[in-house]
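Let me begin by presenting the structure, written as structure tokens, before commenting on it.
The values are calculated or read from the model by the stated rules, or taken from the named source; none is laboratory data. Quantities reported herein were computed from a predicted structural model and do not represent experimental measurements. Counting neighbours? That spans all protein chains shown, and the Cβs are built from the backbone with ideal geometry, glycine included. Ligands, DNA and RNA are excluded from the accessible area calculation, which covers all protein heavy atoms including side chains. Shrake-Rupley method; radii C 1.70, N 1.55, O 1.52, S 1.80 Å.
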Amino acid sequence: MSELTSSSSPSTPKLVTTASELRAAVRAARAAGCAIGLVPTMGALHEGHLSLVQASRSECGFTVATIFVNPTQFAPHEDFDKYPRTLDADLESLASCHADLVFAPRREDMYPAGCSTLVQPPQVAQRWEGECRPGHFQGVATVVLKLFNLAQADVAFFGHKDYQQAAVIRRMVQDLNVPTEIRVCPTVREPDGLAMSSRNRYLSAGERQQAVALSRALRLAEQMAAGGERHAAKLVEAIDRVLAEAQIRRIDYVAVVDPDTLEPVPELTRPVVVLIAARVGGTRLIDNWRIDGPLA
Ligand code: AMP
């Protein structure tokens, strides 16, 4: 894999593609006394991903970013084939934020012929994304557990943006006694509020304008809660109205849920998370907002 191993600039992170190269690099870092931080991604990196690398660097002496568009988390009709793949730009971004190592395995190395073990995801995977994307969290849990085992990470960093995913991984780690600590980092947003996402690049200029309605609707929900509204249904109604005004009509779900179980919460008497999934043009977007209170 030497043609893939970057050595052009001193700050360019080393790129490895095989498990043995990853293990050797991690072993050396650990021998040098470093804690290992892991940032799993599917590439097409943006500031949200880079914030996870920065969080890892602030806590761990050695940061591994992984880039792998994981086929097992995409349904056959989803965007696996057209998912953006921008390795060169990603390496530059990772150099700029000083990741130590990039692991970008090939599909056949992650899932060699005959590989058939899958992780049954926890209960918290059932609703929302689990209903809209059957099999998605099984693929996510499987690849994340494989990455944890490959990198032997002490700490792994995920984004609040994919709230249910982080909840699934937290629970999986607890249920399966995985010795990796999970950190969930804040969602990084564009100046107008749109949550950064690799899929935002699918949006046309008009759709980009529409898409900001998701975060606008979430902010409105937060303002309503701050103003004393305690009925979750009222928040959902208001969000639906904002989305409809933006001509966003294909809404998968808008829900006010318990932050841990992700079960719907009818009254805001304790912290909740508001979840949205909707299609803007052909692009499926998700966003969420935690409302902490005071909610007495
Ligand atoms: P992905 O490449 O979409 O699989 O995302 C990789 C990691 O980056 C996941 O933990 C995501 O939750 C996280 N992430 C994606 N978008 C953002 C964002 N806007 N802010 C913070 N983290 C993010």
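What the table shows:
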item: Cβ crowding within 10 Å averaged over residues, with 215-223, 233-241, 171-179, 41-49 ranked highest first; result: 41-49, 215-223, 233-241, 171-179
item: Cα→Cβ-extended label distance, 7 Å offset, between residue 240 and residue 96, nm; result: 4.2 nm
item: Built amide H within the under 5 Å cut-off of residue 156, gap 5+; result: 38, 181, 182, 183
item: Viscosity 1.567 mPa s, temperature 4 °C, Stokes-Einstein D of the range 79-136 from Kirkwood C-alpha radius, µm²/s; result: 86 µm²/s
item: From the C-alpha gyration tensor of the range 1-144, square roots of 5λ in Å; result: 27, 17, 16
item: Estimated vicinal HN-Hα couplings, Hz - the range 221-229 in sequence order (Karplus 6.51, -1.76, 1.60; Gly, Pro = x); result: 4, 5, 5, 4, 5, 5, x, x, 5
item: Within the chain, helix-based [θ] at 222 nm, where runs of 4 or more DSSP H residues each add -39,500 (n - 2.57), nearest 500; result: -11500 deg cm²/dmol
item: Whichever aspartates and glutamates have a C-alpha closer than 19 Å to that of residue 14, once near sequence neighbours (fewer than 8 apart) are set aside; result: 3, 88, 90, 92, 100, 109
item: Accessible-area composition of the range 200-296, carbon plus sulfur, in percent [1.4 Å probe]; result: 51 percent
item: Helix 232-245 vs. the chain, principal-axis angle (Cα, 0 to 90°, nearest 10); result: 80 degrees
item: Extension reserve of the residue 113-residue 292 stretch, reckoned as 0.36 nm per residue once the Cα distance is removed; result: 59.7 nm
item: Around residue 196: net Lys/Arg minus Asp/Glu count, Cβ-Cβ under 11 Å; result: +1
item: Hydrodynamic radius by Kirkwood, which averages 1/r over all alpha carbon pairs of the chain, in angstrom; result: 20.1 Å
item: The chain - accessible surface per residue (Å², probe 1.4 Å); result: 46 Å²
item: Extension gain, residue 231 back to residue 35 (0.36 nm per residue minus Cα-Cα distance, nm); result: 66.1 nm
